[in-house]
Amino acid sequence: MTLAELSLAQLRTELDRKKISAVELAEYFLARAESRTDLNAFLHLDRTLTLAQARDADIQIAHRNYSATVNALTGIPIAHKDIFVTRDWRTTAGSRMLENYVSPFDATVVEKLKVAGMVCLGKLNCDEFAMGSSNENSAFGAVKNPWDLHRVPGGSSGGSAAAVAARLTPAATGTDTGGSLRQPAAMCGITAIKPTYGRVSRYGMIAFASSLDQGGPMARSAEDCALLLDAMAGFDTKDSTSIDSAETKVSIWRSFQAESASKTSPMLEFENLRIGVPKEFFSEGLSNDVAAAVRAALTAFEQRGATLVEISLPRTALSIPAYYVIAPAEASSNLARFDGVRYGHRAADYKDLGDMIAKSRAEGFGAEVKRRILVGTYVLSHGYYDAYYRQAQKVRRLIAQDFQDAFKRCDFIMGPVAPTTAWKMGEKSNDPVAMYLEDIFTLGVSLAGLPGMSVPCGFGAGEMPVGLQIIGNYFDEARMLSVAHRYQQVTDWHLRTPEVSA
Ligand code: GLN
């Protein structure tokens, strides 16, 4: 096996046995990243910065016996979605608006992974301000899917998903407002988890829709995601929506290990697991190839003892209009700060202050961002607030309630992540509504603030990967990751790699 194929635990062993140094590991992945500029996954690479962090990690590993700071992730490379601010690398959020922006501080997630000893490989391309489902909205060009360079990688964390899938990095961070961790993971055949809202700090994550945004890990397996999420999560006084409760104090990694170890009979390891299968997720709109792969995964769980329970999430279709009112509303407010004064690009020529702001915003934002600002401003305006925004918030409440009703009858909900596999570039870019419809199975989880995962479960049309979505109740991440891990113990979909990356 090559280094690119090793799990995080295996990389740890290599580093601890001195088979390889953190510097060599960083060099190895930097070389891979540099060799695949065709994917357009990385926006910023900086060898000097990366290797300096790797040298620090090597010093810590060398003094392991005296150092309390070496942990499971020390010396392992990770790359960040370019929406997490970093003190050293530029942060663009995929926008011209922030083309030359360098943050004076690190996002909490970046800081936590740095403290854990992880080595930052660089910053990853994404849809502008994380708005999109295909990564075609980046001001710095589309990202390509490593399984087929003519297809999109999904979005908005498409750079993260493509980089992990092509094994340019062992792990990446991403964010999910309406599906952006799960959907690109599904389309690129990797594993990702969107945590419960409030589990991971949003401090330093450039805001799109604050009541929905949540960061999380993207990696090859559920086990790797468990290690990463454990290091990323935790209460943060700098984020007022970060949650401090009994649940968030428990170690995700330790609970994950306990959950994974307690299953004795390998043939009936999912005994007592009740899986809710929402009938609305298997209705019209779901393509046959995706349905077949997801059904096969459900059967694999059933054969190992799980019980499948048909459930209903009756307002699934309403999640699209509700989300596409609430997210643009919050975006229009969050993006007000990009005015050429407080933040962002400033136009060169202007008549007065108003003209300066108008020109700067016209030049700095791309078409999709402008569309959302217009929609958001409209639904929040006097006379429409009650008709649209307040109504959408009521629907959101009901969607959250539907999930709670469903969880009375099952432990986890499973279904497809997206209705189709990755589509051809350009296919939907001129039709925003067609693009929004692709989000139908991920939006409800985001609106409800629930944790959700994408786990590779097969291939569909065009030999493109299919993701199984697992949805858990609040703070059930460790158990959910363990269910996914045990599925990955008996399947090898997550180990498949795109041939073009060889
Ligand atoms: N596709 C959705 C949107 O465009 C979700 C994006 C996200 O989760 N960041 O808003």
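The values are calculated or read from the model by the stated rules, or taken from the named source; none is laboratory data. Keep in mind that what you see is a predicted model, and the values were worked out from it rather than measured. Cβ placement follows ideal geometry from the backbone for every residue including glycine, while neighbour counts extend to all protein chains displayed. Note: accessible area is taken over every heavy atom of the protein model, side chains too, but ligands, DNA and RNA are not part of it. Shrake-Rupley method; radii C 1.70, N 1.55, O 1.52, S 1.80 Å.
What is the number of the single condition among (1) open to solvent by less than 10 Å² (accessible area, probe 1.4 Å); (2) within 14 Å of the ligand (Cβ to nearest atom); (3) touching a strand residue (DSSP E or B) at 6+ places or on another chain (Cβ under 6 Å) that A209 does not meet?
Answer for A209: the failing condition is (3).
Of the residues Y197, Y203, which is among the aromatic types (F, W, Y) and away from the ligand (no atom under 16 Å from the Cβ)?
None of the other options fit; the residue is Y203.
Can you give me the number of residues within segment 341-360 that are open to solvent by less than 100 Å² (accessible area, probe 1.4 Å), charged (D, E, K, R) and under 13 Å from E99 (Cα atoms)?
Count: 0.
Restrict the check to segment 221-240 and report whether at least one residue is charged (D, E, K, R) and within 16 Å of the ligand (Cβ to nearest atom).
Filtering segment 221-240 for residues charged (D, E, K, R) gives 223-224, 230, 236, 238-239.
Next cut, within 16 Å of the ligand (Cβ to nearest atom) only: none.
The answer is no, given that none of the residues of segment 221-240 is charged (D, E, K, R) and within 16 Å of the ligand (Cβ to nearest atom).
Which residue pairs have Cβ atoms under 6 Å apart, sit 6 or more places apart or on different chains, and have a first residue in segment 323-348 that is closer than 23 Å to Y378 by Cα and a second that is in a helix (DSSP H, G or I) and of a type in the set (K, R)?
P328/R372; A331/R372
Can you list residue pairs whose Cβ atoms sit under 7 Å apart, with the first residue in segment 432-459 being free of Cβ contacts under 8 Å to residues at least 60 places away in the same chain and the second being within 12 Å of the ligand (Cβ to nearest atom)? Count only pairs 6 or more apart in sequence or on different chains.
Here the result reads A434/K428, each pair linking segment 432-459 to a residue that is within 12 Å of the ligand (Cβ to nearest atom).
Here is a list: S255, S262. Which entry is surrounded by fewer than 21 Cβ atoms within 10 Å (Cβ to Cβ), modelled with pLDDT under 95 and away from the ligand (no atom under 13 Å from the Cβ)?
Details: S255 fails: modelled with pLDDT under 95.
Matching residue, one of S255, S262: S262.
Any idea how many residues of segment 476-494 are crowded, with 22+ Cβ neighbours inside 10 Å and among the β-branched types (V, I, T)?
1
Out of the residues in segment 395-435 that are open to solvent by 40 Å² or more (accessible area, probe 1.4 Å) and part of a helix (DSSP H, G or I), which is farthest from N473 (Cα to Cα)?
Only one residue fits best here, namely V433.
Sort through A130, A107, A142, A166 and tell me the only one that's in contact with a helix residue (DSSP H, G or I) (Cβ under 6 Å, 6 or more places away or on another chain) and of a type in the set (G, A, S).
Within the list A130, A107, A142, A166, the selection yields A166.
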